[in-house]
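See structure below.
The values are calculated or read from the model by the stated rules, or taken from the named source; none is laboratory data. Bear in mind the structure is a predicted one, so any value in this text is a computation, not a measurement. All Cβ positions, glycine included, derive from the backbone under ideal geometry; neighbour counts span all protein chains shown.
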Amino acid sequence: MISVPVITRIAFRALRANTMRSGLTMLGIIIGVAAVIAMISIGAGARQRVANEVASMGSNLLIVVSGSTSSGGARMGAGSDPTLTIADAEAILRECPAVIDVAPLQSGTAQVVYGNQNWSTVVMGTTPSILNIREWRVASGKPFTDQDERHANKVCLMGATVAEKLFGAFDPVGQVVRIKKIPFTVIGVLERKGQTLTGQDQDDIIYVPITTAQKKLFRALFPGMIQFMMVKAVSTEALEDAQEQITALLRQRHRIGSGQENDFTVRNLTQMMQTAITIARVMTVLLGAIASISLLVGGIGIMNIMLVSVTERTREIGIRIAVGAKTWDIRLQFIMEALTLSLVGGCIGIVLGSIGSVAVAHAFHLPSGISPLGVLISFGFAAAVGVFFGFYPAYKASLLNPIEALRYE
Amino acid sequence: MPRRNDLGMQTGGTTPHSPETVLPLISVQQVSKIYTLGEHRVTALNSISVSIHAGDFVAIMGPSGSGKSTFMNIIGCLDRPSSGTYYLNGQDVGTLSRDCLAEIRNKTIGFVFQGFNLLPRTTALENVELPLLYNGTPAHERRERALEALRVVGLGDRWHHYPNQLSGGQQQRVTIARAIVNNASIVLADEPTGNLDTKTSMEIMELFVRLNQTAGITIIVVTHEPDIAAYGRRLIRFLDGVIVGDEVKGVA
């Protein structure tokens with residue numbers, strides 16, 4: 001049997017003899033491999049971004065939104081009619097075993113002024129629990145306390161974006177800002193969390209004690225009424241239990257009879273995020289599959305050119321068979337040639353695909369990451385394409401009649 | 001040429017038509033070859049029988065289409081007879097598989113073609129190495145043996161030349177080197193001088209004579225030219241698929 005170094009050398013020589021043709025054939029594989037790698041990397045990036053999102057939301061998170069108003073049959077949407085109270089939140093924490101923490105929230109938009117700077121942002125009244133629930137740390141300063149809440153102190157925690165807009169590079173801690181013209185002392189600045197999937201800036205926010213918000217900023221219809229609350233379940237597995245327990249408890253507390261609609265909604269955010277991750281994964285597979293079609297087309301190009309090559313080199317094949325090349329010697333020679341085309345093309349494609357995916361990730365602010373698995377898969381796929389599409393021409397070559405082949409002009 | 005000497009033992013006395021006791025190298029018995037071209041059946045060889053002994057130098061003549069090329073293809077194991085048997089070294093070759101025939105060609109038969117049939121863009125050395133690629137000869141030995149074969153044909157200093165840098169006579173010498181590099185016991189030459197001028201033709205034929213006499217290689221040459229045929233010790237004439245003449249000269 002002919003040795004591997006020998007057929008490799010023969011393959012490279014044959015491909016060099018037709019540089020242009022080899023290059024163009026390779027281009028098919030290059031594009032195919034580059035596309036597969038780019039698609040897989042971009043898909044992985046998107047998935048990573050969703051995963052980061054889940055992490056930034058805080059894990060095992062439920063949101064309870066107060067019910068919708070209905071006036072004359074037109075329902076106004078969740079949260080339009082505050083039915084939840086701070087007492088509800090406390091009851092949930094007390095009575096639902098699957099719940100580990102609860103934060104009531106009352107939000108509104110307000111203009112915040114510091115010196116000659118002003119910025120319109122979301123102001124949320126809540127309890128200190130919010131930081132635990134959203135797994136959010138204070139970058140400088142300190143969080144507000146239960147005592148601040150009890151006394152409705154005019155203190156606030158500032159998101160990184162607000163701090164930047166109002167204070168630039170200065171540390172806002174200890175400074176006094178005016179929210180709706182009421183002076184608040186900044187006691188802490190939150191860590192940067194970045195954007196949500198929908199492009200919302202999570203750092204464009206100010207947290208104040210819920211009591212302060214209700215008494216000073218947004219007057220609630222009734223004292224203690226809130227728009228929504230965030231609930232942290234004990235674990236991911238406990239999310240559904242928590243959902244059921246909260247629903248049961250609130251129906252009981254709000255005296256909703258069986259058959260009547262809930263006046264609140266419990267949303268499982270973690271589950272929604274998991275769904276988003278699954279979608280991203282399916283997208284990755286889909287994109288990869290579409291990209292591999294171009295790899296397939298590249299393979300057909302190889303087969304085409306190999307068939308031409310076999311015809312052109314009929315005489316050479318005749319000579320080789322005459323001097324003693326066996327069936328598999330000839331087959332291996334041509335398979336090796338196809339394999340060389342696809343592997344060299346594959347390597348170039350990997351480089352281009354990696355550059356491409358880094359560029360796309362950069363352009364779309366996705367976490368860039370060249371998936372080693374993607375590289376491995378597309379390289380393996382390229383090799384498989386070479387062998388698969390090289391086989392038929394090689395098979396044809398090996399069956400040539402040496403007498404006719406030697407006479408071929 | 002020390003490597004060739006062992007072949008001498010096999011060839012023994014280089015007398016054509018030696019007694020029955022010596023097994024002929026090539027023994028063809030009632031071999032026919034019929035090609036089917038559409039509806040026509042063309043009988044290229046019609047039940048021919050002939051024996052060629054080791055160490056002989058045979059010239060084959062005949063007009064085009066007389067079956068001499070078909071005969072060469074069959075004894076060169078490139079083709080199988082339609083009927084009849086062909087014994088090479090006492091072995092019935094007709095029943096062997098394609099790969100077995102390839103192995104026989106590789107080990108015992110060397111081909112020299114009218115059109116040289118060298119690989120383009122490949123040096124003389126690598127062309128000569130070609131048969132050795134297919135029998136697992138290690139790289140350094142390939143090179144050594146190919147260089148030696150090139151020296152035998154007088155091209156030791158041109159091993160790195162490409163076919164298009166060599167004259168016709170030189171190219172044919174490379175072909176001959178390729179034919180003998182594997183210690184072939186038979187060299188089949190199909191009109192080896194057809195593309196060469198008279199002087200070069202003579203040189204090539206002298207080379208065949210030398211290989212035949214010093215290394216005992218059996219040479220079979222197909223030719224149109226009586227001058228070339230004259231180099232053989234035995235002359236077989238073909239006409240319409242049968243042998244019409246088989247004569248042995250006294251002394252070459």
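Can you find even one residue in region A:268-285 that is at pLDDT below 90, of a type in the set (S, T, N, Q), in contact with a His (Cβ under 9 Å, 6 or more places away or on another chain) and over 16 Å from A:Ala14 (Cβ atoms)? Checking region A:268-285: not a single residue is at pLDDT below 90, of a type in the set (S, T, N, Q), in contact with a His (Cβ under 9 Å, 6 or more places away or on another chain) and over 16 Å from A:Ala14 (Cβ atoms).
How many of the residues making up region A:260-283 are hydroxyl-bearing (Ser, Thr, Tyr) and either surrounded by 15 or more Cβ atoms within 10 Å (Cβ to Cβ) or in contact with a helix residue (DSSP H, G or I) (Cβ under 7 Å, 6 or more places away or on another chain) (or both)?
Restricting attention to region A:260-283, the residues satisfying the condition of being hydroxyl-bearing (Ser, Thr, Tyr) are A:265, A:270, A:275, A:278.
Narrowing further to those that are either surrounded by 15 or more Cβ atoms within 10 Å (Cβ to Cβ) or in contact with a helix residue (DSSP H, G or I) (Cβ under 7 Å, 6 or more places away or on another chain) (or both): A:265, A:270.
Of the residues in that region, 2 qualify.
Name every residue in region B:110-125 that is facing chain A (nearest Cβ under 9 Å) and on the phi < 0 side of the Ramachandran plot, in order of residue number. If the condition is that a residue be facing chain A (nearest Cβ under 9 Å) and on the phi < 0 side of the Ramachandran plot, then B:Gly110, B:Phe111, B:Phe113, B:Gly115, B:Leu118, B:Leu119, B:Pro120, B:Thr122 are the ones that fit.
Checked against (1) at pLDDT 95 or above; (2) within 15 Å of B:Asn127 (Cα to Cα), B:Val187 passes all but condition (2).
For region A:5-57, the set of residues classified as small (Gly, Ala, Ser) and at pLDDT 85 or above consists of A:Ala11, A:Ala14, A:Ala17, A:Ser22, A:Gly23, A:Gly28, A:Gly32, A:Ala34, A:Ala35, A:Ala38, listed by residue number.
Considering only helices (runs of 4 or more DSSP H) fully contained in region B:106-222, which possess at least 2 residues that are within 19 Å of A:Ala405 (Cβ to Cβ)? Quick ask: steps written out before the conclusion?
Values: elements: B:124-133, B:139-152, B:168-180, B:198-215.
Per the criteria, B:124-133, B:168-180.
Can you confirm whether A:Ile92 is of a type outside the set (Lys, Arg), within 19 Å of A:Ala213 (Cα to Cα) and modelled with pLDDT of 90 or more? Taking the combined requirement at face value, the residue does not satisfy it.
Can you find a residue that is β-branched (Val, Ile, Thr), part of a helix (DSSP H, G or I) and within 14 Å of chain B (Cβ to nearest Cβ) anywhere in region A:322-330?
Taking region A:322-330 as the starting set, the residues that turn out to be β-branched (Val, Ile, Thr) are A:323, A:327, A:330.
With the extra rule that they be part of a helix (DSSP H, G or I), the set shrinks to A:327, A:330.
Now restrict to residues that are within 14 Å of chain B (Cβ to nearest Cβ): A:327, A:330.
The answer is yes, given that some residue of region A:322-330 is β-branched (Val, Ile, Thr), part of a helix (DSSP H, G or I) and within 14 Å of chain B (Cβ to nearest Cβ).
Run down A:Glu240, A:Glu312 and say which single residue is within 30 Å of A:Cys96 (Cβ to Cβ) and without any contact (Cβ under 8 Å) to a residue 60 or more places away in the chain. Of the residues listed, the single one that is within 30 Å of A:Cys96 (Cβ to Cβ) and without any contact (Cβ under 8 Å) to a residue 60 or more places away in the chain is A:Glu240.
If the condition is being under 23 Å from A:Gly224 (Cα atoms) and without any contact (Cβ under 8 Å) to a residue 24 or more places away in the chain, then region A:91-123 contributes A:Leu93, A:Arg94, A:Thr109.
If you go through region A:1-11 and keep only what is surrounded by 13 or more Cβ atoms within 10 Å (Cβ to Cβ), within 12 Å of another protein chain (Cβ to nearest Cβ) and not in a loop (DSSP other than H, G, I, E, B), you end up with A:Val6, A:Ile7, A:Arg9, A:Ile10.
Residues in region A:133-175 that are without any contact (Cβ under 8 Å) to a residue 24 or more places away in the chain and β-branched (Val, Ile, Thr): A:Thr145 alone.
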